[in-house]
Amino acid sequence: MPDDTLTITDNRTGQKYTVPIENGTIRAMNLRQIKTRPEDFGLMTYDPAFMNTASCRSSITYIDGERGILRYRGYPIEVLAERCTFLEVAYLLLFGELPTEPELKSWVHDITHHTMLHESTKKFMEGFRYDGHPMGMFVSTVAALSTVYPDARHVHDPASRLLQIKRLIGKVPSIAAMSYRHNMEFPYVYPDNDLSYAENFMNMLWKMVEPKYVAQPAIARALDILFILHADHEQNCGTNAMRSVSSAQTDPYLSMASAAAALAGPLHGGANEEVLKMLDEIGSKDKVPAYIKKVKDGGVKLMGFGHRIYKNYDPRAKIIKWTAEQVFEVTGRNPKLEIALELERIALEDEYFVKRKLYPNVDFYSGIMYQAMGFRPEMFTVLFAIPRTAGWLAQWQELITDPEQKIARPRQIYTGHEEREFVAMGKRTATAVPAR
Ligand code: SDX
């Protein structure tokens, strides 16, 4: 049986090196021995955007992109979406096992009793323009909580970590709802501890003058399923930010603000908002072929399509498509669905997309459903950030307790000037700077 090693011949020196292969990888540090002279730094790997680099060992989420498989702690996403509540799945992600009934009861109690925000949070919120993007409000307010909970700096204290985890999972719906109410210039609504996680979120969003908010059950369940689907996704851009920033032992509030900032990008969690803009731009089903041509000419991307890992249908998109039908039975069918279905139909047959293995991802149908529920596109990524908080915190906990991890500090290939003489002011020539 051949041993799990890789033998490399450096043709510059004829020297051979044998390095171990572990879990389908070689350690980049094992390349540093490959030199032409003893004083050489040694070889590094160059991997822009980490296309082929494992940054950590993780047991939280497993994705098989070719087969469209997604599992949290070994459980298929389809089973969890059908059989669990979001808080049950958040517990699984964070602690590795599905909770027993008493464990779940205690967990729900604790999260429910961390939904309140300090009154000072209103002052943060009032500082934003009423029409500011709610993701900017969400990111800033999460970071601001670092000033409210200085005990969060004790990142190596398990009890402190657990307290911040409960606080963040409990408070992100309150922050999200507060940003929405600020956008609408409505008074804020306080949490109602009688309600479930999704129902209370709806209460803080949509309660007006009625004495007690009553959530529409199908909408509440749909939100819970969407929260489960968005909870974690291994080392995506936002999670990479969470791990990188918290590797400096930054507190979880500031670290999570960086993760949410990454999620806001239109190529990442911001794509669900871009999908709605794209469908609005297309306007009607008959204009889909012309838009597809525009995409193939390279002018625009088909938002909500494609994925770094999935080279098959994103399993979450399938479940979202099914959940959308449940929502439309209550809200009425979103007319944009016809445009989206036609886009999908054509794209799945067209060589350009088939060759590049571009399939609908989690963002393709979620926005259509959110809009039918009454959310404005600006809120879509905030709806993504709420459940992803559980994933980010599970990944943070794993990083902090991983003895192999230390502060993240990549290397570079330097392409700048060699040392050069200083130039006195009078001898400098103007540098062409880009127009303002
Ligand atoms: C999320 O990582 C995660 O897990 C993220 C996420 C999570 O749960 O955290 O799943 C959430 O971010 C989902 C992705 C949402 N983004 C979008 O829907 C934006 C549109 N998609 C693309 O921008 C793109 O597909 C990415 C960013 C998602 C992935 O980009 P990659 O892996 O860097 O792929 P690429 O850009 O190198 O594309 C390969 C080829 C290129 O064509 P060629 O240069 O080979 O000719 O495919 C083309 C791209 O131009 N391509 C697209 C396309 N996506 C890729 N062409 C048209 N439309 C698209 N959407």
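Here is a check on your reading of the model: is Gly170 within 22 Å of the chain's Cα centre (by Cα), of a type outside the set (S, T, N, Q) and assigned to a loop (DSSP other than H, G, I, E, B)? So that I can check it myself, show each step before the final result.
Values: within 22 Å of the chain's Cα centre (by Cα): yes; of a type outside the set (S, T, N, Q): yes; assigned to a loop (DSSP other than H, G, I, E, B): no.
No: the conditions fail for Gly170.
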Which of (1) touching a residue at least 12 places away in the same chain (Cβ under 8 Å); (2) loosely packed, with under 14 Cβ neighbours inside 10 Å does Thr100 not meet, given it meets every other one?
-> (1)
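Picking from Glu234, Glu273, which residue would you name as being open to solvent by 20 Å² or more (accessible area, probe 1.4 Å), within 11 Å of the ligand (Cβ to nearest atom), among the charged types (D, E, K, R) and under 15 Å from the mean Cα position of the chain (by Cα)?
On the way: Glu273 fails: open to solvent by 20 Å² or more (accessible area, probe 1.4 Å).
Testing whether each residue is open to solvent by 20 Å² or more (accessible area, probe 1.4 Å), within 11 Å of the ligand (Cβ to nearest atom), among the charged types (D, E, K, R) and under 15 Å from the mean Cα position of the chain (by Cα) leaves just Glu234.
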Criterion: in a strand (DSSP E or B) and more than 15 Å from the ligand (Cβ to nearest atom) - qualifying residue of Ile63, Ile34, Ile8 | Ile8
Taking Tyr213 as the residue in question, decide whether it is over 30 Å from Ser58 (Cα atoms), at pLDDT 95 or above and open to solvent by less than 30 Å² (accessible area, probe 1.4 Å).
-> yes
Residue check for Leu348: loosely packed, with under 15 Cβ neighbours inside 10 Å and outside any loop (DSSP other than H, G, I, E, B) = yes
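Restricting attention to the range 193-202, does a residue exist that is within 28 Å of Arg153 (Cβ to Cβ), surrounded by 19 or more Cβ atoms within 10 Å (Cβ to Cβ) and within 16 Å of the ligand (Cβ to nearest atom)?
Filtering the range 193-202 down to residues within 28 Å of Arg153 (Cβ to Cβ) leaves 197.
Filter once more, so that each one left must be surrounded by 19 or more Cβ atoms within 10 Å (Cβ to Cβ): 197.
Imposing the further condition that a residue be within 16 Å of the ligand (Cβ to nearest atom) reduces the set to none.
Checked the range 193-202: no residue is within 28 Å of Arg153 (Cβ to Cβ), surrounded by 19 or more Cβ atoms within 10 Å (Cβ to Cβ) and within 16 Å of the ligand (Cβ to nearest atom).
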What pairs can you find where one residue is in the range 376-397 and within 15 Å of the ligand (Cβ to nearest atom), the other is open to solvent by 10 Å² or more (accessible area, probe 1.4 Å) and outside any helix (DSSP H, G or I), and their Cβ atoms are less than 6 Å apart, with a gap of 6+ or different chains?
-> Thr381/Ala264
In the range 386-436, anything in contact with a Phe, Trp or Tyr (Cβ under 7 Å, 6 or more places away or on another chain) and open to solvent by 90 Å² or more (accessible area, probe 1.4 Å) is listed as Ile413
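The values are calculated or read from the model by the stated rules, or taken from the named source; none is laboratory data. Since the structure is predicted, the reported quantities are computational estimates derived from the model, not experimental observations. All Cβ positions, glycine included, derive from the backbone under ideal geometry; neighbour counts span all protein chains shown. Ligands, DNA and RNA are excluded from the accessible area calculation, which covers all protein heavy atoms including side chains. Shrake-Rupley method; radii C 1.70, N 1.55, O 1.52, S 1.80 Å.
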